[in-house]
Structures are given as C-alpha cells and as structure tokens.
1. Can you tell me the Rg and Dmax of segment 237-297, counting just the alpha carbons, in angstroms?
2. Treating the angle as unsigned and between 0 and 90°, give the value, to the nearest 10°, between the Cα long axis of helix 130-145 and the longest Cα principal axis of the chain.
3. Along the three principal axes, how long is segment 48-128 when you take its alpha carbons, biggest first, rounded to the nearest angstrom?
4. In a Debye calculation with equal point scatterers on the alpha-carbon sites of segment 111-214 and no solvent, what is log10 I(q)/I(0) at q = 0.16, 0.21 Å⁻¹?
5. Points 7 angstrom from Cα along the Cβ direction at residue 15 and residue 472: gap in nanometres?
6. Sorted by accessible area with a 1.4 angstrom probe, largest first, how do 355, 477, 108 fall?
7. Using alpha carbon centroids, what distance separates segment 1-74 and segment 150-183, in Å?
8. Sort out for me the Cα centre separation of segment 184-213 from segment 280-339, rounded to whole Å.
Amino acid sequence: MKHLEALYFDNSYARLPDAFYSRVRPAVQGDPYLVSFNPAAAELIELDPAQAQRADFVAYCSGRELLPGSEPIAAVYAGHQFGVYVPRLGDGRAILLGEVKTSSGQRWDMQLKGAGPTPYSRMGDGYAVLRSTVREYLCSEAMHGLGIPTTRALCIVGTDAPVYRESVETGAILLRMAPSHVRFGSFEYFSHTRQYDLLAQLADYVIDLHYPALAGTPDRHGRLLAAVVERSARLMAQWQAVGFAHGVMNTDNMSILGLTIDYGPFGFLDTFQPGFICNHTDHQGRYAYNRQPDVALWNLACLAQALLPLSTEETLRAALHGYAGIYNQTYLELMRAKLGLCTARSEDEQLIQDWLGLLARSQLDYTNSMRALSQVTVAGHCPAMLRDRVKEQPPLDTWLARYRARLKVEQSEDQVRARRMNSVNPKYILRNYLVQIAIEQAQQKDFTEIERLLTLLRRPFDEQPDCAAYAAEPPDWGRHLEVSCSS
Ligand code: AMP
Ligand code: MG
C-alpha cells in the first residue's frame with residue numbers, strides 16, 4: 001500500500017499529439033475539505049487508505065497541489081447531444097491529473113470533475129455542485145456493487161465556494177477513476193474535422209491499451225467497433241435488467257470501454273414504468289428508460305460513421321448488425337436469472353414480458369417485486385407484496401401457474417432458487433429519495449448518510465437487517481423528484 005507520493009504516473013494520453021488535449025491547471029475555489037473517501041477505490045490504485053487522514057490529502061485530491069508525475073490536461077471531444085452534432089465539446093469541467101499505473105500494470109485515469117475552467121468550458125464555469133458530485137460518487141459505487149461496468153470515484157472534496165446554478169449552491173470536486181475516459185465523441189471530433197491520421201492514432205491508442213487482442217489484426221479498426229458494440233450491448237442489457245436510466249445518453253457520454261460514465265440526471269426505476277424519463281429537461285423522452293437500447297445503437301452508428309475513414313462500410317455495418325443479437329441474448333440471460341431459471345426455453349421471453357406487463361399495469365416497485373418473486377414456491381405460496389398489490393388477480397394467477405409449470409420443467413428447488421435469485425435481484429438500489437436525503441444532510445455538513453449509503457450499496461444483494469428501511473419504496477415527497485442536466 002502506497003503513500004500518495006509513491007503513486008506512479010504514466011501519462012499515455014498526454015504523450016499523444018497536442019491536438020488531443022490542452023494542458024491546464026486546476027483552479028480550486030474556496031477552502032477544500034474532505035466530504036467522503038472511498039477505500040475501495042483507493043485499493044484499486046494501491047493507495048494506503050490511511051493517506052486520507054493526511055492534512056494535505058484534500059490539497060492533492062482537489063488539484064490545489066499536484067503529485068509528482070501529474071500532468072493535468074483537458075481532452076477535446078465532440079458529440080451528438082440530443083441528436084444534434086456539436087463539433088467541439090471537450091472536458092469543460094473535468095481535468096485529467098494523469099494515469100496511475102499499478103504494480104500489475106493496470107492503468108487508472110485520475111480525473112477531477114469540477115476543479116475549474118478549461119479551454120472547453122464554453123459557457124460553463126468549470127465547477128460542479130455538491131449535489132451532483134454526491135450523486136455521481138454514490139451511483140458509480142452502487143453500479144459497481146451491482147456488477148455493472150462503471151467509472152469509479154476515490155473521494156469528494158467540498159469547497160464551500162458558491163456555484164451559481166438556478167440558485168447559489170455549494171461547490172465540490174469529484175476525483176473519479178476509470179481505465180480510460182475516451183468517448184465515442186473523441187472519435188467523432190477527429191473524424192468530422194477530417195484529421196484522419198489523428199483518428200487512426202486515437203483508434204490505435206485505444207486498441208493498444210484497452211483492446212490489445214486486436215492489435216496487429218487485419219482491419220483492427222473495424223474490429224474495434226465490433227468490440228465496442230459488444231460491450232455497449234451488454235451494458236445496455238445490464239441497465240435494463242436492473243432498471244437504471246442514464247438520462248443523457250449523448251455520444252460524448254458513451255464510453256469506448258462500455259462503462260457507465262458521466263452520471264447526471266440518472267434514476268433507478270421505482271415503479272415499473274417502461275417510459276420512465278429521469279431527466280426533467282428531456283421533454284421528448286429521447287432518453288427514456290425503454291429507449292436506451294435503441295439509443296445506444298444510434299450512438300454506435302455515430303461511432304461507426306466516425307470510423308468510416310479507417311475501415312470499410314461493409315465491416316462497420318456488420319459490426320452494428322451484431323448489436324441486436326448480443327443485446328437480446330444478454331438481456332434474456334439476465335432476466336432468466338432474475339426469474340430463477342437455469343435453463344433456456346423458447347417461451348421464456350413471453351413469460352418475462354408478461355411479468356413486466358403485470359408490474360407496469362399495477363405500478364409495482366420494480367426492485368422489490370423482483371426480489372419478492374424469490375418467495376414464490378412451486379407448491380403455491382405467493383408473497384403478500386405481490387398477492388395484495390397486483391391489481392389484476394386472475395392474470396396474476398394465470399401467470400403464476402405458467403411460472404410454476406416452467407419451474408417444474410427444470411425441477412427447480414424453492415430454497416436453492418431463492419438463494420440464487422437473491423444474488424442477482426438487488427435488495428438495495430440508490431433510489432432518488434435516498435440520495436436526496438444524503439445530499440440535504442451533506443449540504444448541512446453532515447456526511448454520515450453518504451457513508452451509510454456507500455457501505456450499504458457495496459453489498460446490494462445481501463440482507464442488511466439494520467438497513468432494512470433503505471429498501472422501502474419512496475415516500476410521497478420522493479416519488480417525483482425533478483432532476484435536470486444542471487449540475
Ligand atoms: P455532460 O452532459 O454533463 O456530460 O456535459 C456536456 C458538456 O458540457 C461537456 O463538454 C462538459 O464538459 C460541459 N459542461 C457541463 N457542465 C459544465 C460546467 N459547469 N462548466 C463547463 N463545462 C461544462
Ligand atoms: Mg459528459
């Protein structure tokens with residue numbers, strides 16, 4: 001376990017040509033202090049968690065002081081925002097401090113979010129508010145706990161500097177981590193500006209570091225798209241299966257590694273509403289929950305378009321063509337597991353859809369209903385959570401009869417199945433109302449709720465009796481919290 005100064009920086013992105021980024025200096029406002037520290041992320045970079053107690057820890061984690069080897073940069077990228085191409089975006093309030101390389105050769109971008117303006121800040125101030133920082137911090141760790149690929153986060157530093165949004169808010173900085181923050185939009189930038197040498201350089205950079213099996217293969221750039229298609233399709237299946245809505249699936253928020261990235265107005269489903277829109281400003285519902293798989297494919301088509309100068313239309317089309325199959329198969333596998341099915345049969349898809357239809361029409365809580373399903377027995381027990389709350393009793397009985405018949409086909413044993421189901425159907429998710437309580441307390445300088453959620457959501461599948469209340473459906477005030485892009 002290392003001291004801060006012993007972290008080894010190997011800044012591969014900063015070694016790319018100048019056209020990829022601007023060198024910047026973080027410009028932290030106010031008086032930084034530690035809001036939360038995540039030892040699980042520290043472990044990833046072999047950092048001794050006791051380092052968080054150092055008086056100068058916040059100075060390093062806010063960018064006020066730079067560690068040896070750190071070379072702060074802001075990356076340029078473009079992107080389709082709500083379907084419209086924006087030729088130049090870039091890290092407007094993110095600053096890559098550098099890449100920490102571990103003793104096993106793993107690489108972690110150490111990126112500040114909210115540490116001041118960069119040449120890509122456009123109309124923005126380069127800062128972030130405590131509210132959005134807490135949301136990203138907790139959600140990225142919650143997603144990791146759920147086994148969903150995501151960026152991670154080492155800590156939150158509060159600044160107490162005023163940040164002006166719809167009202168004056170408290171500023172904060174997130175120190176987030178990922179093997180890479182390269183986005184679809186990074187490729188779009190070099191392609192649309194016709195800098196094809198740089199486009200190829202970016203593709204080869206991503207291949208060498210993150211898809212090494214493709215290096216040196218014929219049409220490696222076409223294969224890169226196929227690999228990204230596969231990871232993105234799997235990611236979408238995981239989002240849909242857990243009931244996660246991202247909210248701003250612009251191509252600049254799509255990771256080339258298939259990670260969940262750039263948490264903004266995200267939301268987990270409470271009641272099962274297929275058309276759920278978590279982003280208050282998304283009036284058309286472009287990024288509604290049930291549109292996400294299609295949107296990801298649309299975004300992948302933008303990436304394919306950007307890669308066209310490096311490959312052939314035929315190869316790229318074939319890669320895109322693979323998306324639906326991978327998505328459908330992965331989603332079906334995940335949902336079968338959530339229903340406790342071990343084998344695959346052709347009727348399963350309909351069984352799953354009809355179950356979701358029941359939930360939607362009765363407006364049942366998605367997470368808690370999935371969890372309750374593990375208590376259904378082959379002999380006939382049905383938990384009260386379902387029996388009392390599904391509005392359509394005869395259709396529920398019909399569905400349960402089909403489900404039980406299906407379980408019998410594979411000689412499913414109640415207890416064994418229940419255990420298996422509880423290991424894939426979370427008991428705890430980061431519900432909007434839970435994070436809202438943590439935010440309001442943090443704004444009063446009480447960070448205990450952040451710690452509690454961080455600990456709880458590390459093991460979302462385990463019963464944690466002292467935290468049973470955290471599995472509760474939202475109270476009335478917490479049902480329709482409005483979350484917008486403003487952060
Ligand atoms: P997002 O959708 O939040 O990922 O952000 C889209 C673009 O706007 C990115 O280029 C961000 O860097 C930029 N941006 C968002 N908020 C700010 C801000 N407060 N200051 C500067 N740039 C910002
Ligand atoms: Mg973004």
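The values are calculated or read from the model by the stated rules, or taken from the named source; none is laboratory data. None of the values given here were measured: they were computed from a predicted structure. Cβ atoms come from the backbone with ideal geometry, glycine included; neighbour counts cover every protein chain shown. Each accessible area value is taken on the protein alone, full model and side chains, heavy atoms only, with ligands, DNA and RNA left out. Shrake-Rupley method; radii C 1.70, N 1.55, O 1.52, S 1.80 Å.
1. In order Rg, Dmax, the Cα atoms of segment 237-297 give 10.6, 31 Å.
2. For helix 130-145, the angle is close to 60 degrees.
3. 46, 30, 20
4. For the requested q values the scattering log ratios are -0.89, -1.10.
5. 5.5
6. So, going from the largest accessible area down, we get 477, 108, 355.
7. After rounding, the separation between the Cα centres reads 13 Å.
8. Their Cα centres are 20 Å away from one another.
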